[in-house]
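Read the structure below first, then the notes.
No value in this document is a laboratory result; all are computed from the given coordinates. Quick caveat, the model's predicted, so the values are computed rather than measured. All Cβ positions, even for glycine, are placed from backbone atoms using ideal geometry, and neighbour counts span all protein chains on display.
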Amino acid sequence: MAVKFEQVAAVLGKLAEEVANKKEWLVELDSAIGDGDLGLTMDRGFSALANAASEYSEDDIGKFFMTGGLTFNKVAPSTMGTLVSTGIMRMGKEWKGKTELTPEDVVAGLKAAANGIMERGKGQLGDKTALDALIPAVEALEESLKSEEMREALKKAHQTAVEGFEKTKEMQSKLGRASWFQEGSIGKPDPGAGLMTVIFSVLAKDDLL
């Protein structure tokens with residue numbers, strides 16, 4: 001199975017819709033241990049990214065994500081906006097020159113995104129961040145693809161992202177504004193990890209990839 005830009009654009013459109021639907025939920029999560037703007041900034045960012053995809057006239061997927069990351073960062077100026085835009089641009093660098101993506105390309109792009117977020121945010125697994133949902137999800141996707149089709153593998157990845165999100169409830173935040181709460185952050189899930197569950201829920205939909 002190979003994914004062309006038209007499918008990528010469709011996924012981004014659905015993702016923008018789902019982030020908009022989950023905006024208040026993301027605001028609620030972020031208000032508990034952050035500044036409460038996550039849903040608002042991510043709504044603006046993914047909406048702009050989807051709009052850019054609908055107007056993109058080339059077929060170089062990597063080039064789109066490189067420029068798309070800049071677009072995202074411009075309209076979502078926040079800590080998470082910077083991290084997500086970094087991840088988007090790292091995917092673009094990984095996919096440079098590609099007009100279609102194999103399952104292996106998808107995994108490589110998501111790994112590049114995770115590494116970019118890790119480097120930019122100075123975080124790692126266990127720090128109670130988006131990485132606690134993203135990294136296990138990507139690992140689950142890669143492992144599942146050894147024996148399953150992309151659709152089933154993405155469903156496993158989504159399930160793993162949700163499990164990672166739930167596990168953040170028991171962690172203490174170590175980075176960013178959430179770290180100010182110290183032990184008070186325990187019992188509250190990480191909003192960035194919540195965002196990752198939204199992203200993977202869209203990737204796992206039957207009618208997209």
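Neighbours of A16, meaning other residues whose beta-carbon lies under 15 angstrom from its beta-carbon, give a summed charge of +1 when Lys and Arg score +1 and Asp and Glu score -1. Working from the Cα coordinates of the stretch 38-194, the gyration tensor eigenvalues give, after taking √(5λ), semi-axes of 26, 21, 12 Å in decreasing order. Each peptide among 142-148, 9-15 gets the average number of other Cβ atoms lying within 10 Å of its residues, and from highest to lowest they stand as 9-15, 142-148. Pairs exceeding 24 Å between alpha-carbon atoms, taken from K23/K111; K22/K169; K14/K122; K146/K167: K23/K111; K14/K122; K146/K167. In this simple spin-label approximation, E100 and A20 carry label points 7 Å from Cα along the Cα→Cβ vector, and these lie 3.1 nm apart. Rounded to the nearest 500, the helix-only mean residue ellipticity at 222 nm of the chain stands at -22500 deg cm²/dmol, with each DSSP H run of n ≥ 4 adding -39,500 (n - 2.57). Residues whose amide H falls under 5 Å from that of K4, counting only those 5 or more places apart or on a different chain, are L101, with hydrogens built in the peptide plane.
A full extension of the chain between K74 and K4 corresponds to an added length of 22.6 nm, given 0.36 nm per residue minus the alpha carbon distance. Scalar couplings 3J(HN,Hα) for the stretch 15-23, obtained by applying the Karplus form with A = 6.51, B = -1.76, C = 1.60 to θ = phi - 60°, are 5, 4, 5, 6, 4, 4, 5, 9, 4 Hz; x denotes Gly and Pro.
When +1 charges are put on Lys and Arg Cβ atoms and -1 charges on Asp and Glu Cβ atoms, the dipole computed for the chain relative to its Cα centre reaches about 520 debye. If you take every residue apart from A112 with its C-beta less than 9 Å away from the C-beta of A112, what net charge results, scoring Lys and Arg +1 and Asp and Glu -1? It works out to a net charge of +2. Couplings 3J(HN,Hα) of the stretch 24-31, computed from phi: 5, 5, 5, 4, 4, 4, 6, 5 Hz, in residue order, whole Hz [Karplus 6.51 cos²θ - 1.76 cosθ + 1.60, θ = phi - 60°; x for Gly and Pro].
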